[in-house]
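The values are calculated or read from the model by the stated rules, or taken from the named source; none is laboratory data. Since the model is a prediction, treat every value here as computed from it, not as a measurement. Positions of Cβ are backbone-derived with ideal geometry, glycine not excepted, and every protein chain shown enters the neighbour counts. When the accessible area is computed, the model is the full protein with side chains, heavy atoms only, and any ligands, DNA or RNA have been set aside. Shrake-Rupley method; radii C 1.70, N 1.55, O 1.52, S 1.80 Å.
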Amino acid sequence: MDDKLKIGKFEFNSRLIIGTGKYADFGIMKKAHEASGAEVVTVAIRRINFDNPKENLLNFIDKNKMTILPNTAGCYTAEEAIRTARLAAEIGLPKWVKLEVIGDQKTLMPDNEETLRAAKVLVKEGFTVLPYTNDDIVACKKFEEAGAAAVMPLGAPIGSGQGILNPNNIRIVLENAKVPIIVDAGVGTASDATIAMELGADGVLLNTGVALAKDPVRMARAMKLAVESGRDAFLSGRIPKKMYASASSPIEGTLK
């Protein structure tokens, strides 16, 4: 069955996108990446140590199996995000970007106005843009109209592990979207990822839920299976919820 995740010119079998931050060491990060089955790994360009090969996380990513998705984490203005995306392209990374502009340092909530401003510039420059935003139908639609190849609404605040706080919002976003919707941020455990996929999300991006788990490698494997099972459940079509019981083995129509 052809059920690939397609974002712009990119195409992947896995619908899980995994991050690189907060791991105890790069060795554990690499093992977790392998266990996750992810084919896309997102990297914060502003946090790469280019001066020391031993501290450069790019050297610990299997580029034969994983496509690097640069991100603009740590940016607080459109100008910062645009410069960061351009830098990623200049050092030879794929010309696509998870566009993130933070508006509040304490909550790490996105600044949609600045993000949208940056998105319009980068789309014109030929970038495949994946903006990180609130779970807001209006904001998501504006990014789509600006040329975003996919939109990444948050499930909950970054690193909070609270899961999908507003499933109805995500449903409405999905109902109105014509581009892939990747639920990003807030996933704490496997069931959170499954719920996102059962809602119909095209993929899940996560980091902290794996990196800070007691056993990151095992949790990465759990997230892989969770995304796969959630996608299968969504495509299968769940039964409708009913107020009362419905016998699993009805008397009518049974063989005699």
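Couple of notes before you dig in:
- The mean sequence separation of alpha-carbon pairs under 8 Å and at least six residues apart, normalised by the residue count of the range 123-210, gives a relative contact order of 27 percent.
- Carbon-plus-sulfur accessible fraction, the range 185-256 (probe radius 1.4 Å, protein heavy atoms only): 58%.
- Contact order normalised by residue count of the chain, Cα under 8 Å, 6+ apart, percent: 18 percent
- Close amide-amide hydrogen proximity is noted between G155 and D184, A185, each under 5 Å apart and 5 or more residues distant or on a separate chain (H modeled in the peptide plane; Pro and chain starts excluded).
- Solvent-accessible area per residue for the chain (1.4 angstrom probe, square angstrom): 52 Å²
- Compactness of the chain - radius of gyration and Dmax, Cα, Å: 19.2, 78
- Cα centre as origin, Lys/Arg/Asp/Glu Cβ charges: the range 1-96 dipole, Debye: 40 debye
- For the range 138-237, the dipole from Cβ point charges (+1 on Lys and Arg, -1 on Asp and Glu) about the Cα centre works out to 160 debye, to the nearest 20.
- Amide H within-cut-off set for G188, under 5 Å, with H built and near neighbours excluded: G163
- Sites D25 and L87, calculated FRET efficiency, Cβ-Cβ separation with R0 25 Å, nearest 0.05: 0.45
- For the chain, a Gaussian network of Cα nodes joined below 10 Å ranks G155, G74, G209 by mean-square fluctuation, and the top entry is G74.
- Ligands, DNA and RNA left out, the 1.4 Å accessible surface of the range 57-126 is 50% carbon and sulfur atoms.
- For the range 50-107, the alpha carbon positions stretch 35, 23, 21 Å along the principal axes, listed from largest to smallest.
- Working note: Karplus 6.51/-1.76/1.60 with θ = phi - 60° gives the range 146-157 the couplings 7, x, 4, 7, 7, 10, 10, x, 6, x, 6, x Hz, where Gly and Pro are set to x.
- Viscosity 1.567 mPa s, 4 °C: Kirkwood-radius Stokes-Einstein D of the range 117-256 over Cα pairs, µm²/s: 78 µm²/s
- Taking the Cα centre of the chain as origin and assigning +1 to Lys and Arg Cβ atoms and -1 to Asp and Glu Cβ atoms, the resulting dipole is close to 420 debye.
- For the chain, built as a Gaussian network whose Cα springs stay under 10 Å, the top-fluctuating residue of M219, M243, M66: M243
- If you bin all the Cα-Cα distances of the range 195-240 at 5 Å, starting from zero, the percentages per bin are 5, 23, 26, 19, 14, 8, 4, 1.
- Across the range 10-23, coupling constants 3J(HN,Hα) worked out from phi with the 6.51/-1.76/1.60 Karplus curve, θ = phi - 60°, read 8, 8, 9, 7, 7, 9, 9, 10, 10, x, 10, x, 6, 6 Hz, and Gly and Pro carry x.
- Seen from a random direction on average, the alpha-carbon convex hull of the range 58-159 projects onto 6.8 square nanometres.
- Computed over the chain, the per-residue total of -39500 (n - 2.57) for DSSP H runs of n ≥ 4 gives a 222 nm mean residue ellipticity of -10500 deg cm²/dmol, rounded to 500.
- Between E90, E100, E79, the GNM of the chain built on Cα springs shorter than 10 angstrom shows E90 fluctuating the most.
- Kyte-Doolittle at least -0.5, axis length at least 24 Å by Cα - qualifying DSSP helices, the chain: 216-236
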